[in-house]
Amino acid sequence: MVLGVVLAAALVGVSLPALEVADRTGAATRTEATATDLAATVERFAATNDPVRAGEPGARRVVTIHLPAGASLRIGTRLRWRAGGQRGDARLAPAIETPGDGVLTLAGGTHRLRLGYVRRPAGPVVTVRRFKPEAGTTPTRVPERWRRGRRVRV
């Protein structure tokens, strides 16, 4: 019995470093896949829509991305990511415009981004912003009948 416990503890001690490496590698792989998917989405968005003048209604798309804990993604002229001790970047084909200093930094977690396509004097750009629902577009509270999981006919 004691020998079995000692042997099990030794096996766990040996396997933990390998599990940590696998977790870091997995986080880096998921973050790289998210960055690649986002870059492809931005390119498709620009290819399938027409830019409009700033302030005019035009194409919009809300994209939801998920980054693993400890990962980060910077959206600017390039997509730069970091996770699990690894780094990477991808060039974005359309020009990107983000609020503030020109770089949008996202940490681990779920994020909703709003894409727009506008015409600027230097050429068309895809705008990337954090998505914030406008007043009146989403309920501020979920009705009780929805929370209980019942289907209600209207």
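Figures for the structure shown
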{"quantity": "Members of the range 71-80 that are farther than 13 Å from HIS111 by Cβ and at pLDDT 90 or above", "calculated": "ARG80"}
{"quantity": "Number of the exception - GLY102 against (1) part of a loop (DSSP other than H, G, I, E, B); (2) touching a strand residue (DSSP E or B) at 6+ places or on another chain (Cβ under 8 Å); (3) exposed (fewer than 13 other Cβ atoms within 10 Å of the Cβ); (4) not aliphatic (A, V, I, L, M)", "calculated": "(2)"}
{"quantity": "Residues satisfying the stated conditions in the range 91-100, i.e. closer than 23 Å to GLY70 by Cα and over 17 Å from the mean Cα position of the chain (by Cα)", "calculated": "none"}
{"quantity": "Sole exception among (1) assigned to a strand (DSSP E or B); (2) touching a helix residue (DSSP H, G or I) at 6+ places or on another chain (Cβ under 7 Å); (3) of a type in the set (A, V, I, L, M) for ALA93, by number", "calculated": "(1)"}
{"quantity": "Condition met for ARG112 (of a type in the set (D, E, K, R), surrounded by fewer than 17 Cβ atoms within 10 Å (Cβ to Cβ), outside any loop (DSSP other than H, G, I, E, B) and free of Cβ contacts under 8 Å to residues at least 60 places away in the same chain)", "calculated": "yes"}
{"quantity": "Residue within the range 49-62 that is touching a Phe, Trp or Tyr at 6+ places or on another chain (Cβ under 8 Å), surrounded by fewer than 13 Cβ atoms within 10 Å (Cβ to Cβ) and of a type in the set (Asp, Glu) present", "calculated": "yes"}
{"quantity": "Some residue of the range 66-81 being assigned to a helix (DSSP H, G or I) and free of Cβ contacts under 8 Å to residues at least 24 places away in the same chain", "calculated": "no"}
{"quantity": "Set GLY84, GLY88: member being among the small types (Gly, Ala, Ser), surrounded by 11 or more Cβ atoms within 10 Å (Cβ to Cβ), touching a helix residue (DSSP H, G or I) at 6+ places or on another chain (Cβ under 8 Å) and modelled with pLDDT of 90 or more", "calculated": "GLY88"}
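The values are calculated or read from the model by the stated rules, or taken from the named source; none is laboratory data. Please read all numbers here as calculations on a predicted model, not as lab measurements. All Cβ positions, glycine included, derive from the backbone under ideal geometry; neighbour counts span all protein chains shown.
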